[in-house]
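To keep things clear, I will list the structure first and then write my remarks on it.
The values are calculated or read from the model by the stated rules, or taken from the named source; none is laboratory data. A quick note: this is a predicted structure, and the numbers were derived from the prediction, not measured. Cβ: placed from backbone, ideal geometry, glycine included. Neighbour counts: every protein chain shown. With ligands, DNA and RNA removed, areas are computed over all heavy atoms of the protein, side chains included. Shrake-Rupley method; radii C 1.70, N 1.55, O 1.52, S 1.80 Å.
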Amino acid sequence: MTLFFSIRSYWEFLWKSKNQHGVHSPFVFDLVTKCFYDKTSKPEHATLKKYRNELLQNKSTIEVTDFGTGSRVFKSNKRPISKIAQTAGISPKRAELLFRVSRYFQPNSILEIGTSLGLATSALSLGNPKATITTLEGCPETARIAQENFQKFQLSNIHLQTTEFTTYLKNRQPTTDNYHLIYFDGNHSKEATLQYFELLLPTITNETVWIFDDIHWSADMTEAWETIKKHPKVKVTIDTFQWGLVFFRYEQEKEHFVIRV
């Protein structure tokens, strides 16, 4: 993300954004007040913190492989696990918000595109331990570390697939999957984001929740977000600057919200 684009995008977000007092949709009002703004301490927060600290204290170095769209290797380099957790993982605040979203909607089936070290995955799991979670990671080494931590913290409802994302999604029969929540955090490019969007559209139900990470990461990602908002099957979207939430509720009027969290 360029500094100029980041600053400009954030000021535009602040100008447009509202809190619960500017929301007239009962569905969105309840989500904002009962989930987004629920700041009460939960026992699971301690587990999220411990999971993070385990990674931050791990000074081992692993070979990190990043993929472009398709199976093409974008780059490969050695990095300390602690640095990956510090710079590439979900922030503590966002992890707690993702935990609240998972707990609020209680999705039975969750797909995460982009496991990394499993910080976000652990939040989804703790939010609803009864959910079946499929999480996809392209890099074998980061997937290995994530799997070790899932076992260590007894997050037994997570099924990690080490795979290239597009290949995995194309080889599935998405109409039989019906994921209730999908967290898109694997490839922050317009091309990949829109490709995943189209591939997964057959899985939607009226209760589906999709969360796109880093929608203002770049001009291309913002363009992808605008394209998603305009899709005829998309009814409600919420821009929280970091995330874009998408709902397909047929009974709702098409409406877009910009909410400060």
Once you put a point 7 Å from the Cα of Glu253 and another 7 Å from the Cα of Lys233, both along the Cβ direction, what distance in nm separates them?
2.5 nm
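Which whole number of Å³ per residue matches the convex hull of the alpha-carbon atoms in the stretch 7-138? Walk me through the numbers on the way to the answer.
On the way: hull volume 20.5 nm³, N = 132.
Considering the Cα atoms of the stretch 7-138, their hull volume per residue is 155 Å³.
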Sort all Cα-Cα distances of the stretch 137-261 into consecutive 5 angstrom bins from zero, then give the percent of pairs in each bin up to the one containing the longest distance.
2, 10, 18, 20, 20, 15, 10, 4, 1
Between 0 and 90°, nearest 10: helix 219-230 axis offset from the chain longest Cα axis
50 degrees
What share of the DSSP beta bridges in the stretch 196-261 is antiparallel, in percent to the nearest 5?
70 percent
Tilt of helix 190-200 relative to the longest C-alpha principal axis of the chain, in degrees (0 to 90, nearest 10)?
80 degrees
Give me the Kirkwood hydrodynamic radius of the stretch 99-168, using the inverse of the mean 1/r over all pairs of distinct Cα atoms, in Å to one decimal.
11.8 Å
Ignoring ligands, DNA and RNA, what accessible area per residue does the stretch 219-261 give at 1.4 Å, in Å²?
45 Å²
If exposed GluC sites (Glu not before Pro) are those in a DSSP loop with at most 12 other Cβ within 10 Å, what is the longest stretch of the chain that has none?
1-250
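Estimate the FRET efficiency between Thr163 and Arg260 by the formula 1/(1 + (r/R0)^6), using the beta-carbon distance for r and 45 Å for R0, to the nearest 0.05.
Details: r = 36 Å, r/R0 = 0.80.
Given R0 = 45 Å and the Cβ-Cβ separation, E is 0.80.
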For the chain, modelled as a GNM with alpha-carbon contacts under 10 angstrom, which of Thr115, Thr193, Thr227 fluctuates the most?
Thr227
Just for the chain, what percent of DSSP beta bridges are antiparallel, to the closest 5?
40 percent
Scalar couplings 3J(HN,Hα) for the stretch 86-91 by Karplus 6.51 cos²θ - 1.76 cosθ + 1.60 (θ = phi - 60°), nearest whole Hz, x for Gly and Pro, are 6, 10, 9, x, 5, 6
Give me the accessible area per residue for the stretch 155-207, probe 1.4 Å, as a whole number in Å².
46 Å²
Just need the relative contact order of the stretch 34-169 here, percent rounded to a whole number, with Cα pairs under 8 Å and 6+ apart.
24 percent
Looking only at Gln242, Gln106, Gln154, which one moves most when the chain is put into a Gaussian network model with springs between Cα atoms under 10 Å?
Gln154
Whole-Å distance linking the alpha carbon centroid of the stretch 235-250 with that of the stretch 213-234 is 10 Å
Out of Ser25, Ser41, Ser189, a Gaussian network model of the chain with alpha-carbon springs under 10 Å gives the largest mean-square fluctuation to Ser41
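What is the ratio of the Cα radius of gyration of the chain to 2.2 N^0.38 Å, with N the residue count, to two decimals? Can you show the working numbers first?
Values: Rg = 17.6 Å, N = 261, 2.2 N^0.38 = 18.2 Å.
Ratio of Cα Rg to 2.2 N^0.38 Å: 0.97.
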Using a 1.4 angstrom probe and counting only protein chains, how large is the accessible area of Ile84 in Å², to 10?
10 Å²
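If you stretched the chain out fully between Asp220 and Asn178, how much longer would it get, using 0.36 nm times the residue separation minus the C-alpha to C-alpha distance? Before the final figure, lay out each step's value.
On the way: separation 42, 0.36 × 42 = 15.12 nm, distance 2.81 nm.
Using 0.36 nm per residue and subtracting the Cα-Cα distance, I get 12.3 nm.
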With everything on Cα atoms, drop me the angle between helix 92-105 and the longest principal axis of the chain, reported from 0 to 90° to the nearest 10.
60 degrees
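Ignoring ligands, DNA and RNA, please state the percent of accessible area on the stretch 125-176 from carbon and sulfur, probe 1.4 Å.
After summing per-atom areas, the C and S share lands at 44 percent.
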Of the heavy-atom accessible surface of the stretch 11-123 (probe 1.4 angstrom), what whole percent is carbon and sulfur?
53 percent
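By how many nm would the segment from Lys170 to His21 grow when fully extended, if each residue of separation counts as 0.36 nm and the alpha-carbon distance is taken off?
Details: separation 149, 0.36 × 149 = 53.64 nm, distance 4.23 nm.
My answer for the length gained is 49.4 nm.
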Put Ile204, Ile62 in order of accessible area, largest first, 1.4 Å probe: what do you get?
Ile204, Ile62
Tell me, in nm to one decimal, what length is gained between Thr61 and Tyr37 on full extension, where the rule is 0.36 nm per residue of separation less the Cα-Cα distance?
4.9 nm
